[in-house]
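Chemist: Below you'll find the structure I mean.
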Amino acid sequence: SVAQTFEAAFGRIDLEIEVQSYCRQYADRTTPLHAHLAELPFSVYVNTAPDPALANALRAAGREPSTAYYDFRRGRPFDLPAPTPQRPWVFDLYGSLAEPQSLVLTERDLLDYLVNVVKGAPPLPPALISRFRDPSATLLFVCFGFRRWHQRILLHVLRAYDPPSSPSLALEDSAFYS
């Protein structure tokens with residue numbers, strides 16, 4: 001809602017400039033959490049933050065990530081090579097700092113994003129969707145926050161809530177259950 005208020009007062013372009021300016025100071029950084037995740041042999045990472053911390057950690061771990069992002073306003077080509085643990089995908093689900101108009105920043109953006117994902121206009125990359133729907137795929141959501149209603153809707157749309165053929169485990173902060 002802060003971003004929505006800022007956009008109403010100063011406009012979308014100024015909001016994008018502020019976000020890029022703020023995030024630029026962290027562009028070369030990563031965190032211990034990302035470094036530990038980079039040690040895991042996942043071949044697909046779905047990034048829910050518009051920062052390169054995960055890709056930076058993967059590179060620091062000697063891996064070669066291929067990156068792509070979803071632009072909820074217009075379709076984008078998705079031509080990444082098949083993912084492997086050594087060359088994983090990092091997919092920015094909520095847009096990219098490289099294309100600030102693709103970022104989901106405001107509440108209005110979030111609603112438009114959800115509508116567009118549900119309608120498939122533009123569609124998420126089929127190669128990524130197939131990973132979400134693959135019962136043998138292991139998915140790790142970090143900093144996703146299942147208590148946020150919009151993220152539960154998104155998982156439902158991606159069919160991550162379909163009854164799996166094998167059991168799954170979701171871990172959430174203990175405050176979620178109180």
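Chemist: Yes or no: Leu15 modelled with pLDDT under 95 and of a type outside the set (Gly, Ala, Ser)?
Modeler: no
Chemist: Further question: Name the pairs: first residue in segment 115-134 and crowded, with 16+ Cβ neighbours inside 10 Å, second residue assigned to a helix (DSSP H, G or I), Cβ to Cβ under 7 Å, at least 6 apart or on different chains?
Modeler: Listed pairs, sorted by first residue: Val117/Leu154; Val117/Val157; Leu124/Val117.
Chemist: With respect to Ala3, determine if the residue is over 22 Å from Pro123 (Cβ atoms), open to solvent by less than 30 Å² (accessible area, probe 1.4 Å) and of a type in the set (Gly, Ala, Ser).
Modeler: Considered against the rule, which asks whether it is over 22 Å from Pro123 (Cβ atoms), open to solvent by less than 30 Å² (accessible area, probe 1.4 Å) and of a type in the set (Gly, Ala, Ser), Ala3 comes out as yes.
This table checks each residue for (1) touching a strand residue (DSSP E or B) at 6+ places or on another chain (Cβ under 9 Å); (2) within 30 Å of Glu18 (Cα to Cα); (3) at pLDDT 90 or above.
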position: Pro83; (1), (2), (3): yes, no, yes
position: Phe91; (1), (2), (3): yes, yes, yes
position: Ser96; (1), (2), (3): yes, yes, yes
position: Pro100; (1), (2), (3): no, yes, yes
position: Leu105; (1), (2), (3): no, yes, yes
position: Pro123; (1), (2), (3): no, yes, yes
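Chemist: Regarding segment 61-78, can at least one residue be identified that is among the small types (Gly, Ala, Ser), open to solvent by 40 Å² or more (accessible area, probe 1.4 Å), modelled with pLDDT of 95 or more and out of contact with any helix residue (DSSP H, G or I) (no Cβ under 8 Å at 6 or more places or on another chain)?
Modeler: yes
Chemist: Can you pull out every residue in segment 34-54 that is open to solvent by 40 Å² or more (accessible area, probe 1.4 Å) and either touching a Pro at 6+ places or on another chain (Cβ under 7 Å) or at pLDDT below 90 (or both)?
Modeler: Pro41, Phe42, Pro50, Asp51, listed by residue number.
Chemist: While we're looking at this one, here's another question. For segment 72-101, how many residues are more than 13 Å from Leu124 (Cα to Cα) and of a type in the set (Ser, Thr, Tyr)?
Modeler: Count: 2.
The values are calculated or read from the model by the stated rules, or taken from the named source; none is laboratory data. On a predicted model such as this, the values are computed, not experimentally measured, just so you know. Reconstructed Cβ throughout: ideal geometry from the backbone, glycine too, with neighbour counts over all protein chains shown. Note: areas computed on protein heavy atoms with side chains; ligands, DNA, RNA excluded. Shrake-Rupley method; radii C 1.70, N 1.55, O 1.52, S 1.80 Å.
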